Amino acid sequence: MLNGIPVIKRLAVSMSQQSYGLPSHASAQVSSKDYQNFRAFLESACGILLGDNKQYLVASRLSKIMVSNQITSLSELIEKISLVNNRALKEEVIDAMTTNETLWFRDTHPFDVFKNTILPAAIANGGSSLRIWSAACSSGQEPYSLSMIYDEYRAAHRAKLPPLNIVATDLSKSMLEACRAAEYDGLSLGRGLSERRLRQFFEPTENDCWRLKAVCRERVRFQLLNLMDGFISLGKFDAVFCRNVLIYFSQELKKDILRRIHASLKPGGYLVLGASEGMTDLSEFYEMVHCHPGIIYKAI
C-alpha cells in the first residue's frame, strides 16, 4: 500500500531484469581484450566511460540481449554492433548500458531553485514563453516534477506566468516511450512523490497504475537525443537541467557538452547540474550562483 493507495509491487521483476547472469552458452569470463574493445565502443557511441573491472556489469546487463540474438561471446556482440545494418542491436546495447535511475523531485533543491529563482526571473523578464530543457530525462520524473512545480507556483502566487514548454531528451528509446505514456506504478510513485501531489496531479488507470493529468503532461515534449551529437536544433532555453549524467563522461567530453549547452541558453539563462557535478575552466561562459542550498550557473 502507498499511503492507503493500492499499488502493484514490481520490485522483484525489476531486480530480475537488472541482475540476470551470463547466458548459459556464453563463456564464464569476459576477456580483458573484449572488455577494452567494448569500453571503446561505448565511449565512442554515447560518451559513457566505463571504469576498470566492470566486466560483470557488462556481462549482466548484456546477457539478455546475447541470449535473444543467439550471440555466444562479447567479441561476437562487438562485431555485430559494428555492422552498419545492425543499428537496432546497437541501440539496444546502448539502452541496456544506460543507467536509468531517478525519482520524483530528486535532491529537492534544484526544484526549489526552479520555484524561487527561475520562475520569478521569468515573470520579471516578461517573455512570451518559458523554455526548459531536461537533458537525460530517464523515465520522465524530472520534467514532470518541473511541470507540477509550475502549477503549484502559479496557484500559490496567482502569478501571470508565461506558458511553460519543456523539452525532455534521452538516448533511450524505451525510456522515452515510457515517458510519453506518463503512467507509473506504485513502486515508482513511492519514490519521492507525496500523497498530496499524487491526488492532485495523477489519475488512476485501469491497470492499477497512475497517469499524470493532461495539463502537466502536455507541457512536455520528449525527443531522442545523444548529448554527443549536435543539439542546436532544439533552440534556445531559459534554463537547462543536465543532472547526474556528465559524471559518466570524460573531462574533455564534459567540457565540450557544457560549452554547447551554453550556446543553447538565452543570455542570463540558468544551468542546473547534479549535486556531485561541478564546472572548471569555463568561467568565460558561466557565472556561479549560490542559491542556499545548492549552486547553479548563469550564462554570461
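The values are calculated or read from the model by the stated rules, or taken from the named source; none is laboratory data. Everything numeric in this text was worked out from a predicted model, so none of it was measured. Quick reminder, even Gly has a Cβ in these numbers, built from the backbone with ideal geometry, and neighbours come from all protein chains shown. Note: areas computed on protein heavy atoms with side chains; ligands, DNA, RNA excluded. Shrake-Rupley method; radii C 1.70, N 1.55, O 1.52, S 1.80 Å.
Return a yes/no flag: does the range 252-274 have any residue that is in contact (Cβ under 8 Å) with a residue 12 or more places away in the chain, assigned to a loop (DSSP other than H, G, I, E, B) and either touching a Leu at 6+ places or on another chain (Cβ under 9 Å) or open to solvent by 20 Å² or more (accessible area, probe 1.4 Å) (or both). Yes, the range 252-274 contains at least one residue that is in contact (Cβ under 8 Å) with a residue 12 or more places away in the chain, assigned to a loop (DSSP other than H, G, I, E, B) and either touching a Leu at 6+ places or on another chain (Cβ under 9 Å) or open to solvent by 20 Å² or more (accessible area, probe 1.4 Å) (or both). The residues of the range 140-163 that are crowded, with 22+ Cβ neighbours inside 10 Å and outside any helix (DSSP H, G or I) amount to a single one, GLY140. Which residue pairs have Cβ atoms under 7 Å apart, sit 6 or more places apart or on different chains, and have a first residue in the range 36-65 that is farther than 17 Å from LYS80 by Cβ and a second that is assigned to a helix (DSSP H, G or I) and among the basic types (Lys, Arg)? Qualifying pairs under 7 Å: LEU50/ARG39. Where helices (runs of 4 or more DSSP H) fall entirely within the range 63-117, those with at least 1 residues that are surrounded by fewer than 15 Cβ atoms within 10 Å (Cβ to Cβ) are at 74-81, 87-97. Whenever a residue of the range 86-97 is within 13 Å of MET175 (Cα to Cα), its partners that are surrounded by fewer than 17 Cβ atoms within 10 Å (Cβ to Cβ) and not hydrophobic (A, V, I, L, M, F, W, C), lying with C-beta atoms within less than 7 angstrom and at least six residues away or across chains, give the pairs GLU91/LYS173; ASP95/LYS173; ASP95/SER174.
In the range 212-228, which residue that is open to solvent by 80 Å² or more (accessible area, probe 1.4 Å) and not aliphatic (A, V, I, L, M) is farthest from ILE132 (Cα to Cα)? It would help to see each step written out before you state the result.
Here is the first cut: in the range 212-228, the residues open to solvent by 80 Å² or more (accessible area, probe 1.4 Å) are 215, 218, 221.
Filter once more, so that each one left must be not aliphatic (A, V, I, L, M): 218, 221.
Values: GLU218: 14, ARG221: 11 Å.
Looking at the filtered set, the residue picked out is GLU218.
Answer yes if at least one residue in the range 196-208 is of a type in the set (Val, Ile, Thr), open to solvent by 30 Å² or more (accessible area, probe 1.4 Å) and under 30 Å from TYR297 (Cβ atoms), and no otherwise. No, the range 196-208 contains no residue that is of a type in the set (Val, Ile, Thr), open to solvent by 30 Å² or more (accessible area, probe 1.4 Å) and under 30 Å from TYR297 (Cβ atoms).
Could you list, in sequence order, all residues of the range 173-186 that are assigned to a helix (DSSP H, G or I) and open to solvent by 70 Å² or more (accessible area, probe 1.4 Å)? Reasoning before the result, please.
So the first thing to find is which residues in the range 173-186 are assigned to a helix (DSSP H, G or I), and the list is 173-181, 186.
Once the filter is applied, which keeps residues that are assigned to a helix (DSSP H, G or I) and open to solvent by 70 Å² or more (accessible area, probe 1.4 Å), the range 173-186 yields LYS173, GLU177, ARG180.
Annotation note: of TYR20, TYR56, the sole residue that is modelled with pLDDT under 90 and open to solvent by 70 Å² or more (accessible area, probe 1.4 Å) is TYR56.
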